[in-house]
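One structure is given below, encoded as structure tokens.
Bear in mind that the values in this text are calculations on the coordinates, not laboratory data. The shown structure was predicted, so the numbers you read here are calculated from the model rather than taken from an experiment. Here the Cβ positions follow ideal geometry from the backbone for every residue, glycine too, while neighbour counts run over all protein chains shown.
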Amino acid sequence: MVRLTAELIARSVAQRNRSQESLGQRLRKITHLNLSDKNIDVIGDFSLCKNLRVLYLYDNHIRQIQNLDFASNMTHLYLQNNCIAAMDNLSSLKNLEKLYLGGNCIAVVEGLDKTDKIRELHIESQRLPLGEKLVFDPRSLRSLAKSLTVLNISNNNIDELEELAVLENLSYLTAADNQLRSMKDLEVALNKWTKLCRMDLTGNPICQEPKYRDRIVVQSPALESLDGKEIKEVERQFLMNWKASRAARRKPKER
């Protein structure tokens with residue numbers, strides 16, 4: 001078992017730093033720490049790294065998020081491709097802006113109700129039991145409502161987006177390879193996502209719906225790219241004109 005501790009970090013730092021500073025002095029100077037792909041199983045006590053802002057722990061064997069209570073200055077946390085099953089012990093990360101948790105075993109997005117500065121959440125490709133999907137705790141969604149601008153939830157068996165409509169400042173959504181089917185459900189969310197610039201829904205059943213792209217382009221005036229393909233203004237204007245003329249033709253019939 002490899003445990004992340006101050007001693008492990010000190011050995012890593014010592015290879016690059018030959019000064020006569022004490023262990024505490026060296027650790028307090030660290031702002032960025034890369035311990036990815038080090039076979040780490042457990043996050044132990046490394047609270048001497050009080051000024052840590054960016055922590056890379058991806059591609060390890062970590063099962064639990066813990067011992068980060070000291071890290072109130074941390075802004076970026078990279079934990080993708082571990083064995084994490086729950087989003088525990090994140091409430092002390094008051095200044096966290098970017099959280100990477102892709103490729104773990106998380107079934108519920110939770111534990112973020114006290115972290116209201118997160119701008120990016122990457123939680124794609126969770127290794128879930130057959131038939132299960134990634135779900136969202138409403139308390140965490142409310143906390144993320146104003147801060148979150150980038151969300152990656154690809155490949156998580158998700159079949160609806162309506163509950164994510166509270167994310168009012170979302171500008172970039174990646175939700176590819178899920179089970180989205182309902183245009184009506186999507187349109188409810190799009191009505192709220194007035195700042196959405198880029199969206200990727202490739203690999204979802206909804207992409208096969210008639211006029212799928214046309215309907216989204218018309219409904220989302222700020223959208224610049226859909227499924228990796230740029231939306232040109234001439235395309236949007238043509239569709240808007242077509243929609244207006246169709247509505248005009250329908251009015252006499254309604255009278």
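Details
- The helix-only estimate of mean residue ellipticity at 222 nm for the chain, built from DSSP H runs of length n ≥ 4 each weighted as -39500 (n - 2.57), is -7500 deg cm²/dmol after division by the residue total.
- Across region 187-197, rounded Karplus estimates of 3J(HN,Hα) from the backbone phi angles (6.51 cos²θ - 1.76 cosθ + 1.60, θ = phi - 60°) give 5, 4, 5, 4, 4, 8, 8, 6, 9, 5, 9 Hz, Gly and Pro being marked x.
- For region 36-158: rounded, prolate or oblate by the Cα gyration tensor [a/c cutoff 1.5]: oblate
- Dipole of region 1-81, positive direction: furthest Cα of 74, 47, 25, with charges on the beta-carbon: 25
- Farthest toward positive dipole pole in the chain [+1 Lys/Arg, -1 Asp/Glu at C-beta], among 135, 95, 154: 95
- Basic side chains Lys and Arg get +1 at the Cβ, acidic Asp and Glu get -1 at the Cβ, and with that the dipole of the chain about its Cα centre reaches some 880 debye.
- Amide H contacts of residue 88 (H built 1.01 Å from N, under 5 Å, at least 5 apart or other chain): 65
- Pair residue 89, residue 188: separation of 7 Å Cα→Cβ label points (nm): 3.7
- Cubic angstrom per residue, convex hull over Cα atoms of region 2-229: 117
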